[in-house]
Structures are given as C-alpha cells and as structure tokens.
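A.B. asks: So that we are looking at the same thing, I have put the structure below in structure tokens.
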Amino acid sequence: MLPDPELVPPDATPVASDASAPDEPVPDEVVIKLERRKHTIRYHAGETVLETARRGGLRPPSSCEAGNCATCMAHLDKGTVTMRANNALLDDDLAEGWILTCQSIPTSAELVVDYDA
C-alpha cells in the first residue's frame, strides 16, 4: 500500500490534501538548500518544488519526474506539501520528512526544502 500523499513534518500543522483548494496558503517564496547554499526563489502557484528550483536557475537532481525513482528526494525542513504521486518513498521516509520534489506542491505559507540533507 502506498503512503498517504499528504506530508506533514512532526512539528507542522496538518492542512487539507486538495492542492487546488483556493483557501490553502501558498508561499510567496520557497527556500531551497542545494550544494551547501541556501536559495530563496519566488513561488508560482501550482508549481512543484522541482519546477520552482529549475525556474530559479538551480539544477537539483532529478530523473523520471513521475514519482517513481526518488532521484529528486529532498528533506522537508519546514512547511507542508501534497505529493501528486509517490511510488518510491516508504512510510518511514515520509515520517522522517522526505519528499519527492518532482511531485510536491506546497500547501503552507512557508516552505524550506533541503537537497543536501
């Protein structure tokens, strides 16, 4: 059985799982930690974390972009996301805060993702 796509780190407040809900908060910016640097990138509603990183000029790891391989896996340091698909991460991975950035849509007003974790 696949894990629940709604990911909430232990210190975060759960949010609705429908990423298209108009009353859900979305961040103005996403903080992405990659190659020991912290990048702050303006967020466009509906983008995945991976799309936001690329639009910001970053080259995070990725491969299948379908939620199958976990190449784009990163740690969710702050905030919440909804994943469109997850065929790679186990329940333990999710509980530890790992996400597939190619499938993750932010669902909180603040988001910090760490590819280096």
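Only the coordinates and a few stated rules stand behind these numbers; no lab work does. Remember, predicted model here, so these are calculated numbers, not experimental data. FYI the Cβ positions are ideal-geometry reconstructions off the backbone, even for glycines, and counts take in every protein chain you see.
A.B. asks: When Lys and Arg each count +1 and Asp and Glu each count -1, what net charge do the other residues less than 12 Å away from residue 34, Cβ to Cβ, add up to?
C.D. replies: Numbers: positive: 33, 36, 37, 38, 54, 59; negative: 35, 114, 116.
Here the charged neighbours net out to +3.
A.B. asks: Please compute the net charge surrounding residue 71, taking Lys and Arg as +1 and Asp and Glu as -1 over other residues with Cβ under 13 Å from its Cβ.
C.D. replies: Details: positive: 59; negative: 65.
Residues near residue 71 contribute 0 overall.
A.B. asks: In Å, what Kirkwood hydrodynamic radius results for the stretch 18-111 from the alpha-carbon pair distances? If you can, show how the numbers build up before the last one.
C.D. replies: Values: mean 1/r = 0.0756 Å⁻¹.
Here the Kirkwood hydrodynamic radius works out to 13.2 Å.
A.B. asks: Also, quick follow-up: I'd like to know which of 90, 115, 103 lies farthest towards the positive end of the charge dipole of the stretch 64-117, counting +1 on Cβ of Lys and Arg and -1 on Cβ of Asp and Glu.
C.D. replies: Sorting the options by dipole projection puts first 103.
A.B. asks: Identify the trypsin sites (Lys or Arg not before Pro) of the stretch 35-116 meeting these criteria: DSSP loop state and at most 13 other C-beta atoms within 10 Å of the C-beta. Can you show the working numbers first?
C.D. replies: Numbers: sites: 36, 37, 38, 42, 54, 55, 78, 84; in loops: 36, 84.
Of the trypsin sites (Lys or Arg not before Pro), the ones in loops of the stretch 35-116 whose Cβ has at most 13 other Cβ atoms within 10 Å are 36.
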